[in-house]
1. So what are the three principal axis dimensions of region 97-184 from its Cα atoms, in whole Å, longest to shortest?
2. Please list, in order, the residues from region 136-151 whose amide nitrogen is less than 16 Å from a point placed 7 Å along the Cα→Cβ vector of A114.
3. Quick check: pseudo-label points 7 Å beyond the Cα along Cα→Cβ at D162 and Q148, how many nm apart are they?
4. Over the alpha-carbon set of region 52-97, work out the extent along each principal axis and list the three values in angstrom, largest first.
5. So which trypsin sites (Lys or Arg not before Pro) in region 1-90 are both in a DSSP loop and have at most 16 other Cβ atoms within 10 Å of their Cβ?
6. Taking only DSSP H segments of four or more residues, each worth -39500 (n - 2.57), what value at 222 nm results for the chain once the sum is divided by all its residues, to the nearest 500 deg cm²/dmol?
7. Starting from region 18-101, pick out the GluC sites (Glu not before Pro) whose DSSP state is loop and whose Cβ has at most 13 other Cβ atoms within 10 Å.
8. Kindly list the residues of region 38-79 that lie in the label zone of K176, defined by a backbone N under 18 Å from the point 7 Å along the Cα-to-C-beta vector.
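Throughout, read-outs are computed from the coordinates displayed, never taken from laboratory work. Every value quoted in this text rests on a predicted model; they were computed, and no experiment measured them. Here the Cβ positions follow ideal geometry from the backbone for every residue, glycine too, while neighbour counts run over all protein chains shown.
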Amino acid sequence: MVDKKIWRDCALQHLKSLTDQERINYQQALTKQIMQTTEWQTANVVALTLAQDVELSTQLLIQNALIQQKQVLLPRIKPERQMDFIKISETTKYERHKFGMLEPKGTPFEKLAAIDFVLVPGLAFSASGDRLGFGGGYYDRWLPKLAQAHTVGVTLQENFYDQAPWPIEKTDQRVKQVISLESE
C-alpha cells in the first residue's frame, strides 16, 4: 500500500486545479447538501471548520448556520496537536495562527456533549467514512470526545473512494457520513 503523502498530494492537486467558478459551485453544493440532511436540520450546536487555502470554502455554510440561529463553533489550535472550539457570532474577532490560518478569539466551548453536528475537514474520504486529513492528527485526537455528534466529511468526487487506498492507522477516526460532491 502506498503511503499517505502520495494520496494527500493527489487530493491536493484535484483541489488546486479547480477554477474560481467551480469553487463557487462546490461551495453552494456543499452548503445545500449539508443543510438538507436531517442531522443538520435538527442540530442546535454545530462544529464547523473555517476552510483554508485550497479547501472548499465553508463560509456560506457558517453564515447559514448563524442565520438559522445555531450555535456555531470553529476550531482553534492548541499546543501538542490539540484544539479547542470557540463559539462564534457576527462580531467574533479572528487572528492568524503561526501556520497561516484564521482562528476565532474567545473562550473554549466546554459542553462537548451538546455538540450535535461536526463538519470534519479532509482531503479524501472513503465510502465507509475513512478520512485522509492533512496529517496533523488534530481531529483524530478531538473526535473521540464526541460520541454522540453526527460527523460528516465532504469531498470532491475525484477524492472519494469505495475503499481507502491509503493506509489506515489505529488512531484514524472515521466520520459517520460522507458527501461526495459531483462537478456540474
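1. Taking max minus min along each principal axis of the Cα atoms, region 97-184 gives 39, 31, 29 Å.
2. Within reach of a label on A114, which here means backbone N under 16 Å from a point 7 Å along Cα→Cβ, region 136-151 contributes 146, 148-149.
3. With each label placed 7 Å out from Cα toward Cβ, I get 3.8 nm.
4. Result, largest extent first: 34, 24, 16 Å.
5. Details: sites: K4, K5, R8, K16, R23, K32, K70, R76, R81, K87; in loops: K70, R81.
Passing both the DSSP loop test and the Cβ count: R81.
6. On the way: 5 runs with 48 residues, N = 184.
Computed mean residue ellipticity for the chain: -7500 deg cm²/dmol.
7. Details: sites: E22, E39, E55, E80, E90, E95; in loops: E55, E80, E90.
Of the GluC sites (Glu not before Pro), the ones in loops of region 18-101 whose Cβ has at most 13 other Cβ atoms within 10 Å are E80, E90.
8. Output list for this probe position: 38-49, 71-73.
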